[in-house]
Structure formats: structure tokens, C-alpha cells
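A.B. asks: Just passing along the structure, written as C-alpha cells.
The values are calculated or read from the model by the stated rules, or taken from the named source; none is laboratory data. Keep in mind it's a predicted model, so treat the numbers as computed, not measured. A quick note on method: Cβ atoms are made from the backbone with ideal geometry, for glycine too, and the neighbour counts reach across all protein chains shown.
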Amino acid sequence: MFVATSCQPWVRWKKAEKDEPLLLLDDNAQTAAGGADNSRCHVCHINFAMEKLAVTHARANIGCEHCHGESDAHCGDEDNITPPEIMYPESKIDAACLKCHGDRMKMTTKHKAVLAGTLKKTCTGCHGEHRMSHRTRRWNKETGELISDDKVRMLTDDMIKGEKKKD
Ligand code: HEC
Ligand code: HEC
Ligand code: HEC
Ligand code: HEC
């Protein structure tokens, strides 16, 4: 029988940055420190358990769900074709960050060019490693429509046909 978890190895471990200690060894460390509990998402997105942007915000009690929605359907979809509730097309990233960081941003020279629009880089272009190096499915980040995927399903066509024969 199939086990009722659909975690496949789409998650690639990122090398820890040279001078950085492992930010987080397990979810207990994170919750013990009073941060947001991201363990629901780590089940499949284990590499984000040590990713700087996610960890910094989790420590400030801003979990994955704050930025991506509760995404119950995404978490529960065995075939993983249901997108999370909130995704970020490039054009929406900066505005989402500036909702909270607007004031402090003005203070640093590093950001003047960014805010003035002379340096074309998104916030996440400099902050964190908040990107997957390998994708098995892609959604339209505006509409949530599935654009492409590797067609791997928990229930393969053969299994479905087998089921039907039994009927
Ligand atoms: C402070 C808000 C914020 C938090 C917290 C956050 N994310 Fe994100 N996430 C974003 C933004 C913005 C993007 C778009 C980044 C980009 O495209 O450069 C993104 C993109 C992603 C992507 C897609 C990357 C890609 O390659 O397209 C994944 C997967 C993801 N986040 C998972 C998570 C998980 C899992 C957590 C918690 C462990 C988390 N995020 C926490 C804001 C957040
Ligand atoms: C809901 C509010 C909120 C949103 C949205 C948010 N942040 Fe934050 N961010 C915080 C808080 C709170 C902290 C931790 C306290 C602090 O350092 O200000 C923090 C910390 C940070 C830090 C570390 C600051 C330091 O002093 O080390 C960076 C960098 C950062 N955020 C970047 C981003 C980026 C990039 C985005 C967009 C993807 C984003 N934040 C979205 C609230 C937010
Ligand atoms: C060109 C690269 C670059 C871009 C783009 C960029 N930052 Fe930064 N940011 C930096 C550097 C460098 C620092 C200072 C070192 C550090 O804390 O990482 C910094 C610091 C910060 C801090 C901490 C400030 C503090 O007072 O300690 C926050 C918060 C932050 N950035 C948010 C953002 C947000 C939000 C955006 C998008 C609107 C953004 N950054 C875009 C390079 C960048
Ligand atoms: C059952 C496994 C599973 C769980 C649990 C899960 N995800 Fe995902 N998630 C996936 C898969 C699979 C992808 C697509 C990865 C790929 O392309 O290979 C994905 C992609 C994403 C993306 C990228 C969307 C984009 O912009 O393209 C975000 C954001 C995301 N997940 C957020 C979350 C958050 C937040 C949670 C927790 C609330 C979560 N996921 C829990 C399996 C899961």
C-alpha cells in the first residue's frame, strides 16, 4: 500500500553559507525560541527550515502562513497540484516587504537606489535564498493556474485503470 504522505525529493538541500552557523536544527528549537511554528510546511519544504528570510521572520513570529496563507488545500493535496494561497509574481515582492519595512528602508544608503528604482533588484534578490533551484510544477503566481508539471502523481494512470478494472 501507499503511505499517505506525498513527500518526494523535490526539496534540494542548500549548502549552508560559509560563516553561518546552522540557523535552525529542528522545529523545536524554533518554537522554544517563541517564534512561529512552520513545521507544517517543513514537512515538504525542509530546506526552508534553514533559509535566512524564513528563519528571521519565524523568529519574529511571522510564519510561512503569514506571507503565503494557511494553504490547507496545498498542504493536503497528495498530487501537489494545488498551489499555496498566496504567491508572489516579481512585480509584487517589493510592495509586500515594504508593508512592514517601509520606514527603516529609507534609512540605509544601500536601499536608496533600490527605492529610487535605479537599481533593478527585488528585495529577495538580495535578502535570503528564498527560491527553489528545481521545480517540478509551476503555477501562474497571479491566478494559481497550473502551467507545467512533471506529471508525477500519487495515483498513476495504471493504478487508476487497475482500480477501474476491479469495479
Ligand atoms: C515575509 C514573508 C515571507 C515568509 C515569512 C515566507 N515567505 Fe516564502 N515567499 C515570499 C516571497 C515574497 C516570495 C517570492 C520570492 C521571489 O520570487 O524572489 C516567496 C517565495 C516562496 C517560494 C517559491 C520560490 C520559488 O522558487 O518560486 C516558496 C516555496 C516559499 N516561498 C515557501 C515558504 C515557506 C515554506 C516559508 C516558511 C518556512 C516561507 N516561504 C516564508 C515571502 C515569504
Ligand atoms: C508582517 C511584517 C513583515 C513583512 C511582510 C516582512 N517583514 Fe522582514 N521583518 C519583520 C520583522 C518584525 C523582523 C524582525 C525585527 C526586525 O529586525 O525588524 C523582520 C526582519 C527582516 C530582516 C532582518 C533585519 C535585521 O535587522 O537583521 C530582513 C532583511 C527582512 N526582514 C527583509 C524582509 C523582506 C525581504 C521581506 C519581503 C519578502 C520582508 N522582510 C517582509 C517584519 C516583516
Ligand atoms: C542591492 C541589494 C539589496 C536590495 C535589492 C535590498 N536590500 Fe535590504 N539590505 C541590503 C544590505 C547590504 C543590507 C545591510 C546588511 C544586511 O543587514 O543584510 C540590507 C539591510 C536590510 C534590512 C535591515 C535594516 C536594518 O536596519 O538593520 C532590512 C529590513 C532590509 N534590508 C529590507 C529590504 C527590503 C524590504 C528590500 C526591498 C524593498 C530590500 N531590503 C532590498 C541589500 C539590499
Ligand atoms: C505535501 C507537501 C507540501 C506541503 C505540506 C507544503 N507544500 Fe508548498 N509546495 C509543495 C510542492 C510539491 C511545491 C512545488 C515544488 C516544485 O515545483 O517542485 C510547492 C510549492 C510551494 C510554493 C511555491 C509557489 C510558487 O510561487 O510557485 C510556495 C510559496 C509554497 N509551496 C508554500 C507552502 C507553505 C506556506 C506551506 C505550509 C503552509 C506548504 N507550502 C506546505 C508541496 C508542499
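A.B. asks: Name the residue that is nearest to LYS92 (Cα to Cα), counting only residues in region 111-146 that are surrounded by 14 or more Cβ atoms within 10 Å (Cβ to Cβ) and of a type in the set (D, E, K, R).
C.D. replies: Result: LYS141.
A.B. asks: Test each condition in (1) buried (at least 18 other Cβ atoms within 10 Å of the Cβ); (2) modelled with pLDDT under 95 for ALA58 and report the one that comes out false.
C.D. replies: All conditions pass for ALA58, except number (2).
The rows are residues; the columns are (1) more than 15 Å from the chain's Cα centre (by Cα); (2) near ligand 1 (Cβ under 10 Å from one of its atoms).
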{"position": "THR82", "(1), (2)": "no, no"}
{"position": "MET87", "(1), (2)": "no, yes"}
{"position": "LYS92", "(1), (2)": "yes, yes"}
{"position": "LYS99", "(1), (2)": "yes, yes"}
{"position": "ARG104", "(1), (2)": "yes, no"}
{"position": "GLY117", "(1), (2)": "yes, no"}
{"position": "MET132", "(1), (2)": "no, yes"}
{"position": "THR136", "(1), (2)": "no, no"}
{"position": "LYS141", "(1), (2)": "no, yes"}
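A.B. asks: Take the conditions assigned to a helix (DSSP H, G or I) and over 17 Å from MET87 (Cα atoms) and apply them to LYS121. Does it pass? Can you show your working first?
C.D. replies: Values: assigned to a helix (DSSP H, G or I): no; over 17 Å from MET87 (Cα atoms): yes.
Answer is no for this residue.
A.B. asks: Somewhere in region 87-101, is a residue surrounded by fewer than 13 Cβ atoms within 10 Å (Cβ to Cβ), in a helix (DSSP H, G or I) and touching a Lys or Arg at 6+ places or on another chain (Cβ under 9 Å)?
C.D. replies: The answer is yes, given that some residue of region 87-101 is surrounded by fewer than 13 Cβ atoms within 10 Å (Cβ to Cβ), in a helix (DSSP H, G or I) and touching a Lys or Arg at 6+ places or on another chain (Cβ under 9 Å).
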